[in-house]
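Just below is one structure, and these are the notes that go with it.
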Amino acid sequence: MTTTVPWRFHQADVLQLPFETAAFDVALATQVYEYVADIDAALQELVRVMKPGAQVLLVDTDWESCVWACRDEARMRRMMQGWSQHIPHPQLPRTLVQRMQRAGLVDVQVHTIPLLNMEYSTDTFSGGMMGFIASFVSGLPDYGPQLVADWQADVTSMAQAGGYFFSLNRYVFVARKP
């Protein structure tokens with residue numbers, strides 16, 4: 001018995017997709033558009049390659065929704081401000097509905113996926129993100145390894161005190177091309 005797969009994954013430049021106009025029935029992009037400087041052009045290109053009636057599903061994060069319990073709130077805010085520099089649009093979900101509509105998509109719906117860790121472990125989402133954030137922020141001017149180490153120690157110490165808390169909102173945008 002032979003099985004055919006009606007779909008394939010593609011990796012491409014979102015500003016110049018190498019596909020014909022009206023080529024796709026469905027598009028999925030997770031954590032993509034917050035990294036694109038010209039989001040509006042990228043969304044117009046997405047709409048170009050979608051067939052009429054096609055479904056679009058985009059997932060992006062508002063990085064200001066990232067919350068860790070800590071003792072030093074000022075340092076935490078500074079760390080997250082540094083982390084926000086890793087992408088051009090760290091709060092993209094706040095404007096994505098309007099951008100999708102301007103690009104020609106309709107029936108835009110938004111759903112929230114909250115990520116919550118109440119215990120610290122390197123195997124949790126927050127434990128993994130802590131490493132990414134530390135790596136990026138420690139290389140920024142006016143940050144450095146000591147600030148990052150102090151932040152990590154503060155956040156992880158909350159676990160020993162029984163007060164570890166991490167939360168982050170991801171947003172799912174579902175729409176269609178008319």
Worksheet item: How do the pairs read when you match residues in the stretch 137-152 that are within 14 Å of Met76 (Cα to Cα) and in a helix (DSSP H, G or I) with residues anywhere that are among the aromatic types (Phe, Trp, Tyr) and modelled with pLDDT of 95 or more, using Cβ under 8 Å and keeping only pairs 6 or more apart or on different chains?
Response: Val137/Trp83
Worksheet item: Is it the case that some residue within the stretch 103-122 is under 17 Å from the mean Cα position of the chain (by Cα), surrounded by 15 or more Cβ atoms within 10 Å (Cβ to Cβ) and of a type outside the set (A, V, I, L, M)?
Response: no
Worksheet item: So Glu64 clears everything in (1) in a loop (DSSP other than H, G, I, E, B); (2) at pLDDT below 95 except one condition, right? Which one?
Response: (1)
Fill in: Complete set of residues in the stretch 107-122 that are part of a loop (DSSP other than H, G, I, E, B) and modelled with pLDDT of 95 or more
Met118
Practice prompt. Select from the stretch 81-98 the residues that are crowded, with 19+ Cβ neighbours inside 10 Å and assigned to a helix (DSSP H, G or I) and list them in ascending order.
Written response: Gly82, Trp83, Pro93, Leu96
Discussion item. Looking at the stretch 26-40, I want the residues that are in contact (Cβ under 8 Å) with a residue 12 or more places away in the chain and have a partner that is in a strand (DSSP E or B) and loosely packed, with under 13 Cβ neighbours inside 10 Å with Cβ atoms under 8 Å, at least 6 apart or on another chain. Which pairs are those?
Written reply: none
Practice prompt. Consider only pairs whose beta carbons are under 9 Å apart and that are at least six residues apart or on different chains; among these, list those whose first residue lies in the stretch 47-66 and is among the basic types (Lys, Arg) and whose second residue is assigned to a strand (DSSP E or B) and crowded, with 17+ Cβ neighbours inside 10 Å.
Written response: Lys51/Phe24
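The values are calculated or read from the model by the stated rules, or taken from the named source; none is laboratory data. Since we're looking at a predicted model, the values are computed, not measured. As a convention, Cβ positions derive from the backbone with ideal geometry for all residues, glycine included, and neighbour counts pool all protein chains shown.
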